[in-house]
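Worksheet: one structure, shown below.
The values are calculated or read from the model by the stated rules, or taken from the named source; none is laboratory data. This is a predicted model, so every value here is computed, not measured. Quick reminder, even Gly has a Cβ in these numbers, built from the backbone with ideal geometry, and neighbours come from all protein chains shown.
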Amino acid sequence: MTPLALGILGSGKGSNCRAILEQIRAGNLNAEVRLVISDVLEAGILDIARAFEVPNAYLPPGKYRTRLEPQVEQDLVKMLRDAEVNLVVLAGFMRVLKAPMLDAFPRRIINIHPSLLPKFPGIEAWKQALAAGEKTTGCTVHYVESGIDTGEIIAQREVPISPGDTPATLHERIQLAEYALYPSVIAQFARGERQSK
Ligand code: GRF
């Protein structure tokens with residue numbers, strides 16, 4: 001089977017991107033990362049792409065804070081299409097995608113969120129779970145739609161909350177679960193078990 005062509009978008013340290021690249025390298029995931037794109041010049045995710053010798057680019061986001069400027073988003077669509085990307089993987093990408101991307105890749109954009117959605121959408125979801133006194137939280141992979149963290153849920157993994165947890169220790173435990181969950185969901189797409197409808 002041809003490897004699934006991925007485009008990964010991120011704004012931060014890129015540890016999920018690393019986990020995906022490691023699973024590909026280990027032969028556990030039949031995929032190829034065609035392009036890693038970041039809206040943050042100094043983001044660790046670009047260093048990781050370079051370390052794995054994957055094509056990568058900084059995409060200057062334009063004048064808005066929470067989304068891409070429309071022309072920039074059109075450019076992003078073109079970059080991903082030119083690279084013949086089949087599945088767009090958001091890995092810590094901190095901007096909301098709009099019509100250009102959503103129309104170009106229907107049910108072909110997925111995201112990972114550090115809570116058991118629909119609980120705790122939005123930022124620092126692990127802090128929200130701690131503050132709410134939850135005993136369990138986790139992570140969710142979902143399709144990306146126009147709402148924030150509201151798209152159809154694909155898979156979830158539970159993570160226990162310990163009495164002594166701080167935001168940092170809990171976030172670390174959730175991230176370990178993410179590194180297992182995200183590649184396993186992408187593998188479902190790679191095997192053709194999930195497709196855009
Ligand atoms: C992850 O915790 C993910 O759930 C959230 O952003 C974080 C990205 O971390 N959407 P990293 O850049 O992959 O290390």
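Quick look at the values:
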| read-out | value |
| --- | --- |
| The lone exception for Asn86 - which of (1) within 16 Å of the chain's Cα centre (by Cα); (2) within 16 Å of the ligand (Cβ to nearest atom) it fails | (2) |
| Test set (1) crowded, with 18+ Cβ neighbours inside 10 Å; (2) closer than 30 Å to Glu69 by Cβ - Ser146 fails condition number | (1) |
| Boolean, Ile123 is within 16 Å of the ligand (Cβ to nearest atom) and in contact with an Asp or Glu (Cβ under 6 Å, 6 or more places away or on another chain) | no |
| Near pairs, Cβ below 8 angstrom, 6+ apart or cross-chain, from segment 125-138 (in contact (Cβ under 8 Å) with a residue 12 or more places away in the chain) to any residue that is more than 16 Å from the ligand (Cβ to nearest atom) and not in a loop (DSSP other than H, G, I, E, B) | Lys135/Pro160; Thr136/Pro160 |
| Condition check for Leu6: within 24 Å of Gln175 (Cβ to Cβ), within 15 Å of the ligand (Cβ to nearest atom), part of a strand (DSSP E or B) and in contact with a strand residue (DSSP E or B) (Cβ under 7 Å, 6 or more places away or on another chain) | yes |
| Any hit, segment 49-61, residues being aliphatic (A, V, I, L, M), in contact (Cβ under 8 Å) with a residue 12 or more places away in the chain and closer than 23 Å to Glu193 by Cβ | no |
| Any hit, segment 61-75, residues being touching a Ser or Thr at 6+ places or on another chain (Cβ under 9 Å) and surrounded by fewer than 20 Cβ atoms within 10 Å (Cβ to Cβ) | no |
| Segment 5-60, subset of a type in the set (Lys, Arg) and more than 19 Å from Ile112 (Cα to Cα), residue surrounded by the most Cβ atoms within 10 Å (Cβ to Cβ) | Arg34 |
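Residue-wise test of (1) under 18 Å from Phe189 (Cα atoms); (2) at pLDDT below 95; (3) of a type in the set (Gly, Ala, Ser).
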| residue | (1), (2), (3) |
| --- | --- |
| Val77 | no, no, no |
| Val88 | yes, no, no |
| Gly92 | no, no, yes |
| Met101 | no, no, no |
| Lys119 | no, no, no |
| Ile123 | no, yes, no |
| Trp126 | no, no, no |
| Leu130 | no, no, no |
